[in-house]
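Working notes for the structure below.
The values are calculated or read from the model by the stated rules, or taken from the named source; none is laboratory data. Everything quoted here is computed from the prediction, not taken from an experiment. Positions of Cβ are backbone-derived with ideal geometry, glycine not excepted, and every protein chain shown enters the neighbour counts.
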Amino acid sequence: MLSTEENLRVICKQIQQLDNSIRFVGIANNLGSLIITAYRNLLIPLMDEQETSHYAIQVVLRAATREDFESKIGKLEYSIGKYEKLIRATVPIRLFGKKDESKFYYLLLSFDLNFNVIDVIENKVMPFIEKNKEFCLIDKLW
């Protein structure tokens, strides 16, 4: 049986391989600490490890501020930001651990420009999470 970290590494790599447009996949905890990351083969990241960690903290803080409006607009399914050099997406997920306890985490993705990111998220990433939730110990947040 795989350890939690090994399991998460496999999950990240499998998600990264769902589409050629996916540059980066990471999983951050509810405090914004990156637990695991996967990069596309031969990719030269635009940010170093420290910058990526800082980005993860900011993403989680932004997602947490959106929770204030859940009662009015519903739970966040995913968010997307387009930048000059890439597109980023954040997907809230729930990881199940020992004793069926669940904790909230965030799936962090980056994509190449000029791809239909919504299509990739809704038709590849989300179905992967749903299909593999028992094996991957992941369940969607909503």
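Looking only at region 29-44, how many residues end up being closer than 14 Å to Ser110 by Cα and among the small types (Gly, Ala, Ser)?
Total meeting the criteria: 1.
Which one of Tyr55, Tyr78 is touching a Ser or Thr at 6+ places or on another chain (Cβ under 8 Å) and modelled with pLDDT of 90 or more?
The match here is Tyr78.
Pick out, from region 1-120, the helices (runs of 4 or more DSSP H) lying fully within it that include 1 or more residues that are of a type in the set (S, T, N, Q) and surrounded by 15 or more Cβ atoms within 10 Å (Cβ to Cβ).
In region 1-120, 4-16, 49-66 are the helices (runs of 4 or more DSSP H) which contain 1 or more residues that are of a type in the set (S, T, N, Q) and surrounded by 15 or more Cβ atoms within 10 Å (Cβ to Cβ).
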